[in-house]
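Below is one structure; the comments refer to it alone.
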Amino acid sequence: MGLRELFQDHLQTLQTETAKTLAELKLDGLVLSAGTPAWYFEDDQNPPFRSSHHFRHWCPMEGCQHVLLFIPGQKPELRLYQPADFWHEAKPFEPDFWGDSFQVQIIKEEDKLWEGLAQGRRIAYHGPEVERARKAGLLVAVEGLVPRLNWQRLVKSPYEIQCLVEATRKAAAGHKAAERAFRQGGSELDIHFAYMQAARSQEQDLPYENIIALNEKAAYLHYAAKRDEVHNGKVLLIDAGATSRGYGADITRTYATEDAPEEFQELLTDMTTLQAGLVAAITPNILMGDLHVLAHQRIAELLIRHKIILDCDAQKAIDLGLTMAFFPHGLGHMLGVFVHDVGGKQLDREGAVSAPDPRFPKLRTTRPLQPGTVVTIEPGVYFIKMLLDPIRQGPNSRNLNWALIDRLMPCGGIRIEDNIHIHDQGIRNITREFLP
Ligand code: GLY
Ligand code: MN
Ligand code: MN
């Protein structure tokens, strides 16, 4: 199917689902808007603009201030803001694959964007322009609306999968170039530029800021600096994505040179196998919480096998909180318009959420992985001083091999992250199709 047909199907599903939501909430229609740019404090400069997420779910048009009106039974109306401006170019409307799915109006004046939306009807609004919506007579903060909109985001349409595939293709090119730059001795900044060039992306196109960490900096989960003074790293952890039509890939790889301690290289090899095993363990409707527990079991076994954890079995290592010190984040999350996409705990369209998993109460993603969802699987093992020091000084100190940990500390850590589409027949590892 071509992109046009994929998009038409996507929008048709959205309209059917939204019509159901509106009927349940006794509403006549829904307005979403792209939003307005933010400004730095007392400055005339603004951070890169990103359209609001539910608007992006409906429409791939870039730029700000657009307004979308959906009334069940009518073609969705799209009011595109295209001011007369010789300082900036508003992205021109080119009726691409998606254009004819909307009734499009080009609007030059800001005031007219919100005119005549309500007309005495019960039209709900969800988005960042609450005051404008109120003035336009729209209903804001309608109870029950947001969970239903989020619910529609969980199962990805074939169009959305196609967007994620294209984002992955760009990111994979970036990752390959980044690995080359790392092996040639490049700095974090060199690796970043190599990534950006190959991914054909600008900073504002990225779904999140690139994490490019050499050596010990890999122990910061969201390390953001791009050091230019450190070259010839022994370890690279790179967590970097790319976007396509507002959907983002989220991919992590860890590489080690032959100069890295042998124990680290072996750990990396086994973590790669462990990550693949967790992906293979996904079955439709498995609870993300159960997969997270499995990850802790396998990481415990790995750390025992590598003689990092001593004198206890896997279950005891988990119960003592030892694995938590090496793997302190969740195994993965929903992926889509947001990198950490909505609905990770949601159980039904009305907004019921799963109870916290007593084994890991802080997990953000606990829901069953139903067919149609896309998740990341990103186990890690890190050497984080802040988390290890209390164990070193506490009663369980004898259960960790400090001499080895001290040797591995300068390597930072390992994370391997793929994006997985769960479907009726099983799973599709989108990332591995482009980045082995
Ligand atoms: N890149 C952020 C994450 O992996 O969740
Ligand atoms: Mn992730
Ligand atoms: Mn990531």
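Just a few scattered comments:
- Residues satisfying the stated conditions in the stretch 20-34, i.e. of a type in the set (A, V, I, L, M) and either in contact with a Phe, Trp or Tyr (Cβ under 9 Å, 6 or more places away or on another chain) or in a helix (DSSP H, G or I) (or both): Leu22, Ala23, Leu30, Val31, Leu32, Ala34
- Arg349 more than 22 Å from the chain's Cα centre (by Cα) and either away from ligand 2 (no atom under 16 Å from the Cβ) or free of Cβ contacts under 8 Å to residues at least 12 places away in the same chain (or both): no
- Of all residues in the stretch 383-422 being open to solvent by 30 Å² or more (accessible area, probe 1.4 Å) and either of a type in the set (D, E, K, R) or modelled with pLDDT under 95 (or both), the one that is nearest to His329 (Cα to Cα): Lys385
- Taken over the stretch 165-196, residues that are part of a helix (DSSP H, G or I), open to solvent by less than 10 Å² (accessible area, probe 1.4 Å) and of a type outside the set (A, V, I, L, M, F, W, C) amount to 6.
- The stretch 259-286: number of residues that are outside any helix (DSSP H, G or I) and either buried (at least 16 other Cβ atoms within 10 Å of the Cβ) or over 24 Å from the mean Cα position of the chain (by Cα) (or both): 5
- Residue check for Asp389: of a type in the set (Asp, Glu), farther than 19 Å from Val279 by Cα and part of a loop (DSSP other than H, G, I, E, B): no
- Candidate set: the stretch 324-374, residues that are away from ligand 1 (no atom under 11 Å from the Cβ) and in a strand (DSSP E or B); chosen: the one surrounded by the most Cβ atoms within 10 Å (Cβ to Cβ): Val374
Here's the yes/no breakdown for (1) under 23 Å from Lys362 (Cα atoms); (2) modelled with pLDDT of 95 or more; (3) in contact with a strand residue (DSSP E or B) (Cβ under 6 Å, 6 or more places away or on another chain); (4) hydroxyl-bearing (Ser, Thr, Tyr):
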{"residue": "Thr272", "(1), (2), (3), (4)": "no, yes, no, yes"}
{"residue": "Gln275", "(1), (2), (3), (4)": "yes, yes, no, no"}
{"residue": "Leu278", "(1), (2), (3), (4)": "yes, yes, yes, no"}
{"residue": "Ile286", "(1), (2), (3), (4)": "yes, yes, no, no"}
{"residue": "His292", "(1), (2), (3), (4)": "yes, yes, no, no"}
{"residue": "Arg298", "(1), (2), (3), (4)": "yes, yes, no, no"}
{"residue": "Arg305", "(1), (2), (3), (4)": "no, yes, no, no"}
{"residue": "Ile308", "(1), (2), (3), (4)": "no, yes, no, no"}
{"residue": "Cys312", "(1), (2), (3), (4)": "no, yes, no, no"}
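- Residue count for the stretch 146-164, restricted to those that are more than 17 Å from the chain's Cα centre (by Cα), open to solvent by 20 Å² or more (accessible area, probe 1.4 Å) and of a type in the set (A, V, I, L, M, F, W, C): 1
- Checked against (1) open to solvent by 50 Å² or more (accessible area, probe 1.4 Å); (2) assigned to a helix (DSSP H, G or I), Glu143 passes all but a single condition, namely (2).
- Residue list for the stretch 410-436, filter: more than 29 Å from Ile384 (Cβ to Cβ) and assigned to a strand (DSSP E or B): His421, Ile422, His423, Gly426, Ile427, Arg428
The values are calculated or read from the model by the stated rules, or taken from the named source; none is laboratory data. Remember, predicted model here, so these are calculated numbers, not experimental data. In this analysis, Cβ positions are derived from the backbone assuming ideal geometry, glycine residues included, and neighbour counts consider all displayed protein chains. For accessibility, only protein heavy atoms count, side chains too; no ligands or nucleic acids. Shrake-Rupley method; radii C 1.70, N 1.55, O 1.52, S 1.80 Å.
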